[in-house]
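The values are calculated or read from the model by the stated rules, or taken from the named source; none is laboratory data. Worth saying up front: this structure is predicted, and the values here are computed from it rather than measured. Cβ atoms come from the backbone with ideal geometry, glycine included; neighbour counts cover every protein chain shown.
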């Protein structure tokens, strides 16, 4: 190998390294490595509360519902948190008051509505927590949560009481 070809290999290697660094900078290291940016949170990144309170950061709640999973005494359950059009934060269990025993009575977002996966009932975000006694998400009203400027806390004790409505819950599993 002559001196010029060794120089060319080094130049190609250098250019390749610079190109990789440029791609990482442009695309974002967090997207490639899977690391999470400070403060970023989507429903896929929400940690599962295991035999503990569910603590929801108020700042993370938007007009799109977020689903907060928990495992309490071996039972999977989930809480929905969403900001209503009046700016209030609403919470409910992700199971239907009527369809919960079917195991398919959970909600998924379609557009600006939550849809029961058992009966197909559509439910507006403004109705979360305020509508009771029908085919709708089971409300978690103010007496069952602690709210301050930064967090909404739903106690493990209350979650434990709710496990009965999640005994057959599949949430699409």
Inset, instruction - Kindly indicate whether any position in the range 153-166 is touching a residue at least 60 places away in the same chain (Cβ under 8 Å), surrounded by 19 or more Cβ atoms within 10 Å (Cβ to Cβ) and in a loop (DSSP other than H, G, I, E, B). - result: no
Inset, instruction - Identify all residues within the range 123-149 that are in contact with a strand residue (DSSP E or B) (Cβ under 7 Å, 6 or more places away or on another chain), assigned to a loop (DSSP other than H, G, I, E, B) and either closer than 17 Å to residue 67 by Cβ or in contact (Cβ under 8 Å) with a residue 60 or more places away in the chain (or both); write none if there are none. - result: 128, 129, 136, 140, 145
Inset, instruction - Please work out if residue 120 is without any contact (Cβ under 8 Å) to a residue 12 or more places away in the chain, on the phi > 0 side of the Ramachandran plot and assigned by TED's automatic domain parsing to the domain that holds residue 62. - result: yes
Legend entry - Filter pass, residue 50 being surrounded by fewer than 17 Cβ atoms within 10 Å (Cβ to Cβ) and at pLDDT below 95: yes
Legend entry - Criterion: touching a helix residue (DSSP H, G or I) at 6+ places or on another chain (Cβ under 8 Å) and surrounded by fewer than 19 Cβ atoms within 10 Å (Cβ to Cβ) - qualifying residue of 113, 109: 113
Inset, instruction - Mind listing whichever residues of the range 62-82 are surrounded by 14 or more Cβ atoms within 10 Å (Cβ to Cβ) and without any contact (Cβ under 8 Å) to a residue 40 or more places away in the chain? - result: 66, 67, 68, 69, 71
Legend entry - Sole residue being more than 21 Å from residue 53 (Cβ to Cβ) and surrounded by 13 or more Cβ atoms within 10 Å (Cβ to Cβ), chosen from 138, 98, 147: 98
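Every residue, every condition in (1) at pLDDT below 95; (2) surrounded by 11 or more Cβ atoms within 10 Å (Cβ to Cβ); (3) under 12 Å from the mean Cα position of the chain (by Cα); (4) not assigned by TED's automatic domain parsing to the domain that holds residue 131, yes or no:
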| position | (1), (2), (3), (4) |
| --- | --- |
| 10 | yes, no, no, yes |
| 18 | yes, no, no, yes |
| 28 | yes, yes, no, yes |
| 41 | yes, yes, yes, yes |
| 57 | no, yes, yes, no |
| 84 | no, yes, no, no |
Inset, instruction - Quickly run through the range 93-117 and pick out the residues that are part of a strand (DSSP E or B), within 21 Å of residue 61 (Cβ to Cβ) and touching a residue at least 24 places away in the same chain (Cβ under 8 Å). - result: 93, 94, 95, 107, 108, 109, 114
